[in-house]
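A quick write-up on the structure given underneath.
Bear in mind these aren't lab numbers, they're just calculated from the coordinates by the rules spelled out. Quick caveat: nothing in here was measured; it's all calculated off a predicted structure. Because the Cβ atoms are built from the backbone with ideal geometry, glycine has one as well, and the counts that use them run over all protein chains shown.
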Ligand SMILES: Cc1ncc(COP(=O)(O)O)c(C=O)c1O
């Protein structure tokens, strides 16, 4: 089976885990600090603004919490977002308001966002689809002008940039998922960036029970009663640990290698699929933009997309569509909305396998299966 995603972990990650075992310090500790520092440096932000968490979802929930979202507030997000983004809003009692996207890039323009702003809009929660930065820079400016907070769901976009500036650093808060499918993985994990220094301190506190001092041993050096609790407000336990941070630090060093291979795969797909009638490849990146290439997506007539996915599965090639529109999910209360581009794109788009473990031959196999399936389904009478 040629899989959609596949983590790239090997001897270096294993050696890092072995070192943690030898030190017998598995929980939150020096390796977590080192990973946060390296991640902050990669982003070009101070390390104390970066918090390593147990998942990207925790990052979304924490972002919504530190912004103080509550009943009566609205948060604008593309309907084509991961469901955890909407969940993070809904559990605060706030209302997710879904916006449309460009049917080719699947990113929203400012006009898409502006169309659904109301006086109750407190935040915009932006996704960089497949790692394409889209209008992140200008959307951040417009949000700032209007006093609307911007959260960047950067789960897809570690490695993406606009004129050298990393995605996730345009808004007020950002999170990255480091789960097993992502460009960089710690198995499970997430990273949160908080621009405001006070909110950053608060986010770190809320990620560990709400405690002001989270390290017993460290605190013992500055207080004679290090077991006393200081809890300005209750929190949860959302922190990462040294075992997964050790893997993350190795992965971060290897990130340029992962990104380079992804770029090669994109070039190869582009070459192999060129001239395939009825199939659109991902649009070209605008000048100055870099993408993580977390997804490679193709678009084709909706009448054949599902059948093509089945043919590929039969041929041991796993494809999928991300992200199924949230305005169609009754739990979010907006099934009456019509978002034409989102609806069309969600019927016409298919995400193909892309990860650095794919060989050139794998890519050619996927491309030729796709070519064969699309050709037969667009020229022959429809099969079921
Ligand atoms: C766009 C997006 N946001 C958030 C998440 C949630 O991240 P995690 O799986 O680390 O909780 C994911 C995970 O797939 C995602 O794709």
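Values as computed for the structure displayed
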quantity	calculated
Nearest-ten-degree value, helix 302-314 long axis tilted from longest Cα axis of the chain	80 degrees
Rh by Kirkwood over Cα pairs, then Stokes-Einstein D for segment 1-151 at 0.692 mPa s and 37 °C, µm²/s	185 µm²/s
Dimensionless Rg ratio for segment 255-379, taking C-alpha atoms and the 2.2 N^0.38 Å reference	1.13
Modelled FRET efficiency - R0 25 Å, residue 223 with residue 33, Cβ distances, 0.05 increments	0.80
Percent antiparallel among DSSP beta bridges (both partners in the chain, rounded to 5)	55 percent
Ranking of 317, 90, 329 by count of other Cβ atoms within 10 Å, fewest first	329, 90, 317
Extension reserve of the residue 42-residue 19 stretch, reckoned as 0.36 nm per residue once the Cα distance is removed	5.9 nm
Difference of contour (0.36 nm per residue) and Cα-Cα distance, residue 26 to residue 115	27.2 nm
Stretch gain in nm, segment residue 314-residue 371, where the contour uses 0.36 nm per residue and the Cα spacing is subtracted	19.1 nm
DSSP beta bridges in segment 100-220 [antiparallel fraction, %, rounded to 5]	45 percent
The chain - mean residue ellipticity at 222 nm from DSSP helices (-39,500 (n - 2.57) per run, n ≥ 4, rounded to 500)	-12500 deg cm²/dmol
Residue exposure sequence - 293, 209, 327 - by fewest surrounding Cβ within 10 Å	209, 327, 293
Cα-projected label distance for residue 142 with residue 104, points at 7 Å along beta-carbon direction, nm	1.9 nm
Cα centroid separation, segment 2-64 to segment 167-235 (Å)	12 Å
Spatial extent of segment 45-101: Rg and Dmax, with the Cα atoms as the point set, Å	12.3, 35
With eigenvalues of the C-alpha gyration tensor scaled by 5 and rooted, the chain, Å	37, 26, 17
Relative contact order for the chain, counting Cα pairs under 8 Å that sit 6 or more residues apart, in percent	23 percent
Sorted by Cβ density within 10 Å, fewest first, the residues 373, 368, 81, 154	368, 373, 81, 154
Antiparallel bridge percentage (DSSP; both residues within segment 134-286; nearest 5)	75 percent
FRET E, pair residue 338, residue 306, Förster distance 22 Å, beta-carbon r, rounded to 0.05	0.50
